[in-house]
Every structure is written in structure tokens, then in C-alpha cells.
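Data first, discussion second: the structure below is written as C-alpha cells.
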């Protein structure tokens, strides 16, 4: 296993981290015996970063039990997340955090994230509840070592959040298909330039970059190296970038662990050749070939005077064809309403045409947003968004 240094504190972090949301299961419950085996094998392979979350059913308890069984808790970093949308009063911080310490059977959290902090408005609400003072206290007590945030949102909000607090790290969804989506390459580089470690989630886009590749996409990879699996291609794209500190993979069995650990044991920045980069481009084009909106995510069309997140709408629309409607809808709900104080979905478009004046691709944006609205805003979406916003205390 190769490691990359967190320049903020000197921690050597394994290039591959274990995402604990997809622990092996026995029926609907986590299989603790197999989880113990997986965690022990991961540590043995050199993985030293384990990521879980309060709202991942049974995950914190399972990780705590597995680490206790291994006796190697002090050799690794535990990361978990505060569900800030469940915090209505200052007392909630301690209530939730103490539950997490108990579940994880530990006296400290090495890397503590604000979960799905996707805009500065959510952070301002937490500040009004006193979260900064609370974090300072926990850090002084040694119960929280590093503070960061996980992110699902647009580029502009991400750049704003980078300056909103003295973050120790950040976590973003990032992969070769989402290079220009969400925080994107621009955001990853901006965080890196601030000296901030960047941890990557969804390197395989929930498995879709393994199981969802078209035959044409597979041929593009195979023409360069037929021995590599789709997962290896995805991880190599990330680890080729020095701005990426660690790629987090939700591995659920020993075979996945072995394959991914092997990649992380020899992958280094700058390793990709021109033929490989051409293959990635061909794969993305193959995945995008089913849609008719040639949006590159450049965001020259922004800001929209009506508040529409145009790149996000087009990205989700594209994903709904490339990987299936459910996947696209999930992204759409996250990026245009569920996790933001102000909704930014396609229905807000007033067809003013301002965006079209700046689009380098010459896209008739207002007409394309009508297609997005027709496909993405089903009769089920709005009730789901309403319920989710209520649950996450978003007005």
C-alpha cells in the first residue's frame, strides 16, 4: 500500500480507504463475522482510513466491534460524520457525538465530518447553534482531531465553503465521469491549493462505473489494456492526480479489497499515458452518447437570475440516460433541492435567455431545461424533496 501525507498534520494516509456503508450483509443486517474479517484484512493490507456515518444503519457499531476484535484501533484513523440536519439545538451536538463514541468503542474521532454540508447556508445555521465553539472544545479535549465536511452540490457553493471555516480536510464525489460535475476537478484543485487534503467518495459512482459501462465503453478500455478491470481503471484515474489524497471505496468482500489494494499499491501521480487518457475520454463520450445536451460543465452560463443550477440539471439529466433514471433522479434531488436552502431545479427557468448568450457550446438552454423538467420532475420527486427538506430542517 502506498500512502500520501496530510500536509496539515503529517498523517500518512493510505491511498485507499474503506467506506463502511456497504459492509457485508446477512439478509438485511450487517454480517458481523464477515465484517470483522474484512476490517482485519484491510488493516493487514495497509488500509488505515475507515469511513462511516451516524445515519448508515448499523455501520458505526459494526466498525467499532470489528476494531475491538482486531485490537488495532490505534493503528488506523476513524472517520465519521455529524448529521447536522438532525441538530435543532446546541445540546444535539453532544447527544449525537456521544452516541457515536459509544457505537465506535473509542475515545476520539480522528477525522470528523459535517455530513452533506452542501452550501454555506447550512454552515451558517450550524454556526448560529454554536458549532464552532463546540468543535473547539472537542478538539481541546482530544475527542475530535480533524474537522472536515463531505460535499454534494455545485461548484460555486463548494468554493464558498472552502473559505467558511479552517477545515482540516474535505470529501467530494469525484470520478472520471463526474470530472466537471459537483465540486469537479476545479474544486479539487482549489482545495489542494489551500493545502487541504482531498478525500474522494464514489470513485466508482456507486458501482455504476463497473456494472453500468456500455459495450462501447468496455471496448475503449479493452483496446488499451484488456487485463484491467473497470474498477482499476476508475481508481487509476483518481490516483494519477496528486491533488487526491485518498480514494474511498465501499468494499464489501475480500475480492474487492484485494483488487483495489493491489491498484493502490503501485498507483502514483502522473502515471497515465496519452493512450490511457484517450481511453477515458472515449468511455465518457460513450456514456454520454445517449443524451443530446453537449454540456461540458464549464458554468459560463451561471449565475442564473432565477437560481437554476444549469450544469447540475444537465449533469443529472445525462446521468439518467447513462446509468438509469433512478441514479439520475437521486443526483437531481441531492443537487437541486434536497440539500440546499433554495431550490435550483429546472422548473424555476423563466426562459429569459441570458444564459444562452454565454454558452460556448451554443446550447439552447431554456429549451433543454424543458426536457430536463419533463424527465426529472416526476409526480414522486416533489413530495420526496419536501419530506427530505423537512427532515433536514431546511426552510
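Considering only residues in region 197-212 that are in a loop (DSSP other than H, G, I, E, B) and more than 11 Å from the chain's Cα centre (by Cα), the one that is surrounded by the fewest Cβ atoms within 10 Å (Cβ to Cβ) turns out to be 207. Per the conditions (1) closer than 17 Å to residue 180 by Cα; (2) modelled with pLDDT under 95, the sole criterion not satisfied by residue 237 is (2). Does residue 63 fit the bill of being farther than 22 Å from residue 35 by Cβ, assigned to a helix (DSSP H, G or I) and at pLDDT 95 or above? No.
Pull out all pairs, ordered by first then second residue, where Cβ-Cβ is under 7 Å, the residues are six or more apart or on different chains, the first lies in region 211-232 and is touching a residue at least 60 places away in the same chain (Cβ under 8 Å), and the second is part of a loop (DSSP other than H, G, I, E, B) and crowded, with 19+ Cβ neighbours inside 10 Å. Taking only residues 6 or more apart or on different chains, the pairs are 212/323.
Of all the residues in region 186-202, those that are under 19 Å from residue 272 (Cβ atoms) and at pLDDT below 95 number 0. Take the residues in region 5-36 that are in contact with a helix residue (DSSP H, G or I) (Cβ under 7 Å, 6 or more places away or on another chain) and outside any strand (DSSP E or B), then tell me which one is farthest from residue 68 (Cα to Cα). In this case the residue turns out to be 15.
Scanning region 11-33 for residues that are farther than 21 Å from residue 110 by Cα, touching a strand residue (DSSP E or B) at 6+ places or on another chain (Cβ under 8 Å) and touching a residue at least 12 places away in the same chain (Cβ under 8 Å) yields one hit, 24.
A quick yes/no check of all residues on (1) modelled with pLDDT of 70 or more; (2) crowded, with 20+ Cβ neighbours inside 10 Å; (3) more than 26 Å from residue 208 (Cβ to Cβ):
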residue	(1), (2), (3)
279	yes, yes, no
285	yes, no, no
292	no, no, no
301	yes, yes, yes
312	yes, yes, no
326	yes, no, no
357	yes, no, yes
366	yes, no, yes
370	yes, no, yes
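Evaluated against (1) assigned to a helix (DSSP H, G or I); (2) under 20 Å from the mean Cα position of the chain (by Cα); (3) under 17 Å from residue 102 (Cβ atoms), residue 55 falls short on exactly one condition, (1).
The values are calculated or read from the model by the stated rules, or taken from the named source; none is laboratory data. Note that the structure is a prediction, hence the values are computed from the model and not measured. Cβ coordinates were reconstructed from backbone atoms using ideal geometry, including for glycine residues, and neighbour counts include every protein chain displayed.
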